[in-house]
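Chemist: Below are the structure tokens for one structure; questions will follow.
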Amino acid sequence: HAGSQAVLIRGANAASAAVRPMYGFENQDKVTLEFWARPLTAGTNLPGTTILATNNMFITMENAAGKRAAAIRFGPSESIDYNSAGWKPTSVTWNDQTWYKCVMEVDYAAKTYDVFINDVKVTATPVAFYEATSDKFQAIRIYRGTSQAGIILDDMTAAIPSASLRISNIEVVGRMVNISWEGGLAPYQLQRRISLTTGTWEDVG
């Protein structure tokens, strides 16, 4: 989203799709896909095209047969949506002047996934797979609806979640200390120790 390797997905007067095979994840239960996206609006980004009232851009995680486990849509009414038994809004709206960081954390064993937009989780609990028969991660499909403007994608990565934790932010608010972390594999346990040099670690509720 700040470099020269972005991928523009667009086409004239017809739907278009790009499938990117992703090798090496076939035997992994947990996979994280991260990318930055900037949706386009016809008439403002593509000179000479008809202004469209809606947009439909889809980014999905699939197996080799095209069965989709997880999906994000930049959809109608400028809504960013996810799919679990139908499209559901994330409560985040998009515009064509902004880049959005999107993350899908997929658990093939549980047949669920989590969606994050700009590092904010959009549901309190994991959501069910788009298609329960999707059994492994082997490809990404980027799909533009018929006569829709398209999207720019950049910084796309797929990875296996790390077992290590990283503190991402420590904020002091009055007498409270808020600690944020990322990575790691649940369940978590916060611990404390009164002295940095002696004593034992104690669990904190």
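Chemist: With (1) touching a residue at least 40 places away in the same chain (Cβ under 8 Å); (2) open to solvent by less than 50 Å² (accessible area, probe 1.4 Å) as the list, and residue 80 as the residue in question, which single condition is left unmet?
Modeler: (1)
Chemist: Further question: Pick out the one residue from 143, 113 that is of a type outside the set (A, V, I, L, M, F, W, C) and touching a Pro at 6+ places or on another chain (Cβ under 7 Å).
Modeler: 113
Chemist: Of the residues that make up segment 30-43, is at least one surrounded by fewer than 15 Cβ atoms within 10 Å (Cβ to Cβ) and either at pLDDT 90 or above or part of a strand (DSSP E or B) (or both)?
Modeler: First, pick out the residues of segment 30-43 that are surrounded by fewer than 15 Cβ atoms within 10 Å (Cβ to Cβ): 43.
Checking which are either at pLDDT 90 or above or part of a strand (DSSP E or B) (or both) leaves us with none.
For segment 30-43, residues surrounded by fewer than 15 Cβ atoms within 10 Å (Cβ to Cβ) and either at pLDDT 90 or above or part of a strand (DSSP E or B) (or both): absent.
Chemist: Also: Which pairs do you get when a residue that is at positive phi, found in segment 121-150, comes within reach of a residue that is among the hydrophobic types (A, V, I, L, M, F, W, C), reach meaning Cβ atoms under 7 angstrom, with the pair 6+ apart or on two chains?
Modeler: 147/52; 150/8; 150/9; 150/40; 150/57
Chemist: In addition: Test each condition in (1) closer than 25 Å to residue 64 by Cβ; (2) surrounded by 12 or more Cβ atoms within 10 Å (Cβ to Cβ); (3) not hydroxyl-bearing (Ser, Thr, Tyr) for residue 121 and report the one that comes out false.
Modeler: Here residue 121 clears every test but (1).
Chemist: When you scan segment 167-205, how many residues do you find that are under 21 Å from residue 119 (Cβ atoms) and touching a residue at least 12 places away in the same chain (Cβ under 8 Å)?
Modeler: Going through segment 167-205 one residue at a time, the tally reaches 11.
Chemist: Same structure, new question: Is it the case that segment 141-159 has a residue that's at pLDDT 90 or above, open to solvent by 70 Å² or more (accessible area, probe 1.4 Å) and part of a loop (DSSP other than H, G, I, E, B)?
Modeler: No, segment 141-159 has no match at all.
Chemist: Tell me which residues, restricted to segment 167-190, are surrounded by fewer than 10 Cβ atoms within 10 Å (Cβ to Cβ) and in contact with a strand residue (DSSP E or B) (Cβ under 7 Å, 6 or more places away or on another chain).
Modeler: 169, 171, 177, 178, 189
Chemist: Pick from segment 83-99 the residues that are assigned to a loop (DSSP other than H, G, I, E, B) and not polar (S, T, N, Q): which of them is most open to solvent (accessible area, probe 1.4 Å)? Spell out the reasoning first.
Modeler: So the first thing to find is which residues in segment 83-99 are assigned to a loop (DSSP other than H, G, I, E, B), and the list is 84-86, 94-99.
Adding the requirement that they be not polar (S, T, N, Q) leaves 85-86, 94, 96, 99.
Details: 85: 98, 86: 29, 94: 14, 96: 22, 99: 60 Å².
Out of the qualifying residues, it is 85.
Chemist: Another question, then. Restricted to segment 138-152, and to residues that are touching a Leu at 6+ places or on another chain (Cβ under 8 Å) and not polar (S, T, N, Q), which residue is farthest from residue 104 (Cα to Cα)?
Modeler: The first filter runs over segment 138-152 and keeps only residues touching a Leu at 6+ places or on another chain (Cβ under 8 Å), leaving 140, 142, 147-152.
Checking the rest, the ones that are also not polar (S, T, N, Q) come to 140, 142, 149-152.
Values: 140: 12, 142: 14, 149: 24, 150: 20, 151: 18, 152: 18 Å.
By that ranking, first place goes to 149.
Quick grid of which residues meet (1) open to solvent by 30 Å² or more (accessible area, probe 1.4 Å); (2) modelled with pLDDT under 95:
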position	(1), (2)
28	yes, yes
58	yes, yes
69	no, no
75	no, yes
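Chemist: Could you count how many residues in segment 100-118 are open to solvent by 30 Å² or more (accessible area, probe 1.4 Å) and in a loop (DSSP other than H, G, I, E, B)?
Modeler: The qualifying residues number 4.
The values are calculated or read from the model by the stated rules, or taken from the named source; none is laboratory data. Nothing here was measured: the structure is a model prediction, and the numbers come from that model. Cβ sites come from the backbone with ideal geometry, for glycine too, and all protein chains shown count toward neighbours. Keep in mind that these areas ignore ligands, DNA and RNA; they rest on the heavy atoms of the full protein, side chains included. Shrake-Rupley method; radii C 1.70, N 1.55, O 1.52, S 1.80 Å.
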